[in-house]
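Structure first, then comments.
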Amino acid sequence: MKIEHFALNVPDPKAMSAWYVQHCGLRVAFKLDEAPHTHFLADTGNHVLVEIYRNEKDPLPDYSRQHPLRMHLAFTVGDPVSEQRRLEAAGAKYFEEVKLPDGSHLITLRDPWGIPIQLCKRGRPML
């Protein structure tokens with residue numbers, strides 16, 4: 001099997017999708033202009049999609065109250081510190097920084113809607 005997408009039920013899929021396109025380099029692969037305003041966002045390698053939508057059938061999770069160990073979106077970056085600064089200027093909030101013995105450098109932020117995002121520079125690439 002191959003992962004197609006990871007889905008998030010969010011309060012404002014249009015604004016959130018625009019933020020991820022503008023600040024994280026994702027692109028809209030598919031969208032619905034009517035409810036539930038589904039947006040499928042593709043990563044730069046066109047390997048994985050993130051589905052962002054608003055579905056009233058289930059209460060919205062309070063992502064800002066959930067620890068990033070429960071769920072986070074992780075992005076591979078060349079320089080986590082410069083990406084952190086850039087995303088903070090765009091409304092993200094710092095959560096933590098971790099440096100692992102293998103040389104990996106991880107910085108976790110929360111996007112403007114509280115969803116944890118992790119900036120990863122691995123000591124050894126995982127894929």
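Brief remarks follow.
- Restricting attention to the chain, the count of lysine pairs at 8 or more positions apart or across chains with alpha carbons under 28 Å apart stands at 11.
- With both residues required to sit in region 71-127, DSSP beta bridges show an antiparallel share near 75%.
- Distance (nanometres) between label positions extended 7 Å along Cα→Cβ at Asp58 and Ala74: 2.2
- Axis angle, to the nearest 10 degrees, between helix 80-89 and the longest C-alpha principal axis of the chain: 40 degrees.
- Here r is the Cβ-Cβ distance between Glu34 and Asp12 and R0 is 25 Å; the resulting FRET efficiency, rounded to 0.05, is 0.95.
- Relative to the longest principal axis of the Cα atoms of the chain, the long axis of helix 13-24 makes an angle of roughly 30 degrees.
- Region 30-59 and region 60-74: distance between their alpha carbon centers, rounded to Å: 17
- Close amide-amide hydrogen proximity is noted between Ala7 and Glu51, each under 5 Å apart and 5 or more residues distant or on a separate chain (H modeled in the peptide plane; Pro and chain starts excluded).
- Charge dipole (debye, nearest 20) of the chain; +1 at Cβ of Lys and Arg, -1 at Cβ of Asp and Glu: 280
- Phi angles of region 90-97 translate, via the Karplus equation with coefficients 6.51, -1.76, 1.60 and θ = phi - 60°, into HN-Hα couplings of 9, x, 6, 10, 5, 10, 6, 10 Hz per residue; Gly and Pro are given as x.
- Mean Cα-pair separation over length for region 1-58, i.e. relative contact order, pairs under 8 Å, 6 or more apart, %: 41
- In this simple spin-label model, placing a label point 7 Å from the Cα along the Cα-to-Cβ direction at both His47 and Glu96 gives a separation of 2.6 nm.
Where a number appears in this text, it was derived from the coordinates with a stated rule and is not lab data. Only a predicted model underlies this, so the values are computations on that prediction, with no experimental measurement involved. As a convention, Cβ positions derive from the backbone with ideal geometry for all residues, glycine included, and neighbour counts pool all protein chains shown.
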